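Undergrad: This is the structure I want to talk about, given as structure tokens.
Readers should treat all values here as calculations from the given coordinates under stated rules, not as data from a laboratory. Source: prediction; values computed, not measured. Methodologically, a virtual Cβ is constructed for each residue, glycine included, from the backbone with ideal geometry; neighbour enumeration extends over all protein chains shown.
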Amino acid sequence: MLVLPLVGEGLAPSGDASFLRRVISWTFGVGVIEELGKIIGLLVVASRMSVPNTARSYCFLGVVSGLAFGTIEAVAYTHG
């Protein structure tokens, strides 16, 4: 089983960890990992498409990436 730092606290039953420890574990354990996954995907796409190195290009790709991941999560939550 894969154990990631800080994630175990957030996944523990609610009585085992304090609220603050659970919020910190979800924010830094899950949130940061999810955002890193998004930025890695964005950089791979940008490098393969030879996107111009402008802030506008990366902002556009970031918005599209966020919409795509948000759509996937919404579909997974509604059908799962």
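Undergrad: Taking 7 Å along the Cα-to-C-beta vector as the label spot, tell me the residue 71-residue 36 distance in nanometres, rounded to one decimal.
TA: 2.7
Undergrad: When averaged across all projection directions, what area in nm² does the alpha-carbon convex hull of region 18-80 cover? Write down the numbers at each step before the final one.
TA: Numbers: hull surface 22.7 nm².
The number I arrive at for region 18-80 is 5.7 nm².
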